[in-house]
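Only one structure is covered here, and it is reproduced in the block below.
The values are calculated or read from the model by the stated rules, or taken from the named source; none is laboratory data. Quantities reported herein were computed from a predicted structural model and do not represent experimental measurements. We place every Cβ from the backbone using ideal geometry, glycine too, and count neighbours over all the protein chains shown. Please note that ligands, DNA and RNA were not included when accessible areas were found on the heavy atoms of the full protein model with its side chains. Shrake-Rupley method; radii C 1.70, N 1.55, O 1.52, S 1.80 Å.
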Amino acid sequence: AQTVTQSQPEMSVQEAETVTLSCTYDTSESNYYLFWYKQPPSRQMILVIRQEAYKQQNATENRFSVNFQKAAKSFSLKISDSQLGDTAMYFCVLLQGAQKLVFGQGTRLTINP
Amino acid sequence: NAGVTQTPKFRILKIGQSMTLQCTQDMNHNYMYWYRQDPGMGLKLIYYSVGAGITDKGEVPNGYNVSRSTTEDFPLRLELAAPSQTSVYFCASTPNQETQYFGPGTRLLVL
């Protein structure tokens, strides 16, 4: 079975600090995609960053970057220079095939002023 | 483009009532999905569609039905609402089986 595990239910950092959210996953597929989505209090699901499993290079989007360790099945998200607007629930998500999005339990991140 | 739109934003149903959650996308995406999100949890797939006229069950389809008569619309039907269906419902679409774009969600309360 495909699973995604986020071991940090909640995290809290000060504004401008760097924070890393952890994610591990399990899949038997060789080709898949990994995503980080954020869900602010508005409940909108917003794509933060994506990684294709066949690419060795770690994805980067401005202040957001990932550490993708395929052999270890690890996919952590690093947020640099954190901002108040980064406060949200963050979900690590595994995509296999046309329909199967598997969500982790989420990490509630709070950025303090 | 409006993206993925969902109506209503919020609804209260009585046990045993029925309703349809509407989802429309204007991006000409073939793939559309319905998820539910229970409090403090990630999303679970209810139904999905790979194109007009084609639908299939996801992880938690019981108590729901869908149809896909056009590329743009993918309504979700709840028959005989139950308290266990209290949740937030998200519709999503994608052109390429990769990044999914989500609607704003519909919050449903069944009392």
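Being assigned to a strand (DSSP E or B) and either on the phi > 0 side of the Ramachandran plot or open to solvent by 50 Å² or more (accessible area, probe 1.4 Å) (or both) is the filter here; which residues of region B:7-23 pass it?
Scanning region B:7-23 gives B:THR7, B:PHE10, B:ARG11, B:ILE12, B:GLN22.
Return the pairs, sorted by first residue and then second, in which the second residue is surrounded by 21 or more Cβ atoms within 10 Å (Cβ to Cβ) and not in a strand (DSSP E or B), the first residue lies in region B:26-48 and is without any contact (Cβ under 8 Å) to a residue 24 or more places away in the chain, the beta carbons are less than 8 Å apart, and the residues are 6+ apart or on different chains.
Matching pairs, first to second residue: B:GLY40/A:GLY106; B:MET41/A:GLY106; B:GLY42/A:GLY104; B:GLY42/A:GLY106.
Hey, any hits in region A:89-97 for a residue that's within 11 Å of chain B (Cβ to nearest Cβ), on the phi < 0 side of the Ramachandran plot, modelled with pLDDT under 95 and not in a strand (DSSP E or B)?
no
Can A:ALA71 be described as of a type in the set (A, V, I, L, M), over 16 Å from A:GLN6 (Cα atoms) and open to solvent by 40 Å² or more (accessible area, probe 1.4 Å)?
Yes; evaluated as a whole, the condition is true for this residue.
If I filter region B:55-111 down to residues being aliphatic (A, V, I, L, M) and within 9 Å of chain A (Cβ to nearest Cβ), which single residue comes out as nearest to the chain's Cα centre (by Cα)?
Residue satisfying both the conditions and the ranking: B:ALA92.
Go through region A:6-56 and give me each residue that's open to solvent by 60 Å² or more (accessible area, probe 1.4 Å), under 17 Å from A:LEU84 (Cβ atoms) and under 12 Å from the mean Cα position of the chain (by Cα).
A:ILE46
Over 18 Å from B:TYR101 (Cβ atoms), touching a residue at least 24 places away in the same chain (Cβ under 8 Å) and open to solvent by less than 30 Å² (accessible area, probe 1.4 Å), is that true of B:LEU76? Break it down stepwise before answering.
On the way: over 18 Å from B:TYR101 (Cβ atoms): no; touching a residue at least 24 places away in the same chain (Cβ under 8 Å): yes; open to solvent by less than 30 Å² (accessible area, probe 1.4 Å): yes.
The answer is no for B:LEU76.
Where in region A:34-79 are there strands (runs of 3 or more DSSP E), lying wholly inside it, with at least 3 residues that are under 15 Å from A:THR18 (Cα atoms)?
Because the criterion is at least 3 residues that are under 15 Å from A:THR18 (Cα atoms), the strands (runs of 3 or more DSSP E) in region A:34-79 that meet it are A:64-69, A:74-79.
Do you know which of the residues in region A:99-113 that are open to solvent by 20 Å² or more (accessible area, probe 1.4 Å) and part of a loop (DSSP other than H, G, I, E, B) is nearest to the other protein chains (Cβ to nearest Cβ)?
Ranking the candidates gives A:GLN99 first.
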